[in-house]
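All remarks here apply to the structure that follows.
Each value in this text was obtained by applying a stated rule to the coordinates, not by laboratory testing. Fair warning: this is a prediction, and the values are worked out from it, not measured in the lab. Cβ: placed from backbone, ideal geometry, glycine included. Neighbour counts: every protein chain shown.
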Amino acid sequence: MIAFASSTFLRAVRGSTNSGRVASLSGMRNGSLFQIAPSSRSLARVFMSTGPGGDTVVDTCRMKLTEALKPLQLNITPAYGDPNGSHITIEVVSDSFEGESVVARHRMIYKAIWDELQGPIHAVDSIEAKTPSEAGF
């Protein structure tokens, strides 16, 4: 079972289930994301085509990282050029990283985009988290 949703359309695609019926929808979130109750013999996956206000997943991540880290430079690149792709690469330069270990910097990034990692984003392929001095500013 694969499901797609946006502010303008809602579509469920049948998977291999015993009865061939579409699993039930359990609700909407921000007008674009819904949860499906999978049948016992199907896997359910949830995709978000747009975020609140029609933003892409990359736009939502950019907004959240900007709010959390106040970066001097921020690049978020979706895999395969798809702004709603499930894999992204993050490059960020921020004063917030001063005195922090690499692991602590990554935690700060993951904390900011945690909600997206629970749904539309499957993985962050790579992270470059630098201080301004490390980036040559």
Peptide ranges 73-82, 120-129 listed from the most packed, as the mean C-beta count within 10 angstrom indicates = 120-129, 73-82
Using the Karplus equation 6.51 cos²θ - 1.76 cosθ + 1.60 (θ = phi - 60°), what ³J(HN,Hα) coupling, rounded to whole Hz, does each residue of segment 109-121 give in order, writing x for Gly and Pro?
-> 5, 4, 4, 5, 10, 3, 4, 5, 6, 8, x, x, 9
In nm, what is the difference between 0.36 nm times the number of residues separating ASP125 and LYS70 and their Cα-Cα distance?
-> 17.6 nm
Could you calculate the contour length gain from THR89 to HIS106, that is, 0.36 nm times the residue separation minus the distance between their Cα atoms, to one decimal place in nm?
-> 4.9 nm
